[in-house]
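Take a look at the structure below.
Values quoted throughout were computed directly from the atomic coordinates according to the rules given, and no laboratory measurement underlies them. All values reported here derive from a predicted model rather than from experimental measurement. Note: ideal-geometry Cβ built from the backbone for every residue, glycine included; neighbour counts use all protein chains shown.
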Amino acid sequence: MPRLNYKIINYIMGLLLVFNGGFMSISSLVSAYYSENESLEILLAAVVAITLGSLMMLLTRNHIKELGKKEGYLIVTLGWLFMAFAGTMPYLFTGAIGNYTDAFFETMSGFTTTGASIMNDIEIMPKGVLFWRSTTHWIGGMGIIVLAVAILPLLGIGGMQLFAAEAPGPSADKLHPRITDTAKRLWLIYVGFTGIETVLLRVAGMGWFDAVNHAMSTLSTGGFSTKNASIAYWNDNPWIQWIITLFMFIAGMNFVLSYFGFKGQFKKIFRDTEFKWYASFVLGFSIIGALLIYLQADVSISSIAHPMVWGELESAVRHSFFQVLAVITTTGFVSADYTMWTPFLTIMFFGLFFLGGSAGSTSGGIKVMRHIILIRNGIMEFKRTLHPNAILPVRYNGKALSNNIVFNILGFFILYMLSFIVGSVGLAALGLDFDTAIGGALSSLGNVGPAFGDLSPVNNFAGLPDLGKWWCAFLMLIGRLELFTVLILLTPFFWRNR
């Protein structure tokens, strides 16, 4: 095994810092537009990031354009870490968040599109800071799409090889021109959906600033809001909630399918196995939720919800679809405190934390695709027990999967559950109660946002001890980057030259 190509790693880290600084400068312009004093501090943060990034690129400009798997793992993990560490500067320079631990937690939560926050009063924050906060979501969301479709098939992570046959991604251990092609198409779709949702939210009654921020949070399935009550602030405007519900559904889809949709190839969408299961899960759980809310729960008694409008049935359906999608897609927006509905629904939502959206979407979690293959492999094991000599492959989208992909997904699921258990134990060791510990670990690992116990939708993560915030930030990172990408760096054999 040749030595690691550190020069290209450093070069790409520098490029990411420049990229980060560019978005900070946009946040500075937003702050200046609203005549805020913080615009200069945000601009200074942008200058620092761009300067550091430019120096790193300059010092390593003579690099070999060759990427192996090891470099791929390091670039993906270090990329998120560099973005997160640099992304704290707008918070720290403006004084919006004075504690570095809190600033890092908020930034990591943004870039991993988790949406967990330590801000107790969001509405008093400068608009430039809030715009940067939403921008971290938007950058992280698009980053994970390019990662899933263009980079992870190269690394063979988490069953993402399935994209290799469908998406125009890489096929060899070097940077492939088709990665650039893929990234451009996905960026266009991502930007297009963000623009459409922004306009629709503005027409529905949101101000432009709120509309842009919530569109960025929705498409990234992040969940940061500009209001303390999240989307419950607009409970008297059902159109806003229905629009966000629609775009959460779109954001939870495989973005490759969205590309087919723009090309008019709708048959490919409706024939896709994962899409059919994803839509069925959303519809089925939402109907169950709506019936129980209508018959047993009262959304109006939630501590963050306004009185129901348009009739109780419509309100029950709307809140159910909204919250089911917010959890399945790991967006984490809140229209009501679902932990205050019924015990059955609380357990149901706990289960949905493990589901996740589609592979190739901005959603976190285990992903629907993996659940499908796990279920089918489990069923196939019964058949293999009865017919031990038969060749019975697991099929997905009409094609037989290789054992490598099935074993990879089985390994991912086991590692995910172990990470959840270790994460929960770690939080419990810090003195958190049972509900809060398992909720915080599951929410962080699945990049959901709100959880249970002291981290329920009406609370936030500000009360966690500093060590707990760093622990949750680590869980956010490994959950966002498909576990293997980060955890393999902790193994001794990764660093051996042979």
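Observations, loosely collected:
- Packing-based order for 488-495, 53-60, using average beta carbon neighbours within 10 Å, highest first: 53-60, 488-495
- Three-way shape call for region 1-56 based on the alpha-carbon gyration tensor, with the a/c threshold at 1.5: prolate
- Between Leu430 and Arg496, the FRET efficiency estimated from the beta carbon spacing at R0 = 35 angstrom works out to 0.50.
- Cα gyration tensor shape for region 87-146, rounded if a/c is under 1.5, else prolate or oblate: prolate
- Length-normalised contact order for the chain - Cα pairs under 8 Å, 6+ apart - percent: 16 percent
- Environment charge at Ala390 (Cβ cut-off 13 Å; Lys +1, Arg +1, Asp -1, Glu -1): +1
- Other residues with beta-carbon under 11 Å from the beta-carbon of Ser225 carry, at +1 per Lys or Arg and -1 per Asp or Glu, a net charge of 0.
- Placing pseudo-labels 7 Å out from each Cα toward the beta carbon at Leu392 and Glu314 gives an inter-label distance of 5.0 nm.
- Sparse-neighbour loop sites [GluC sites (Glu not before Pro); region 1-84; at most 13 other C-beta within 10 Å; DSSP]: Glu66
- Per-peptide average of other Cβ atoms within 10 Å, ordering 251-257, 201-207, 86-92 highest first: 251-257, 86-92, 201-207
- The chain, helix-only ellipticity at 222 nm - DSSP H runs n ≥ 4, -39,500 (n - 2.57), divided by all residues, nearest 500: -20000 deg cm²/dmol
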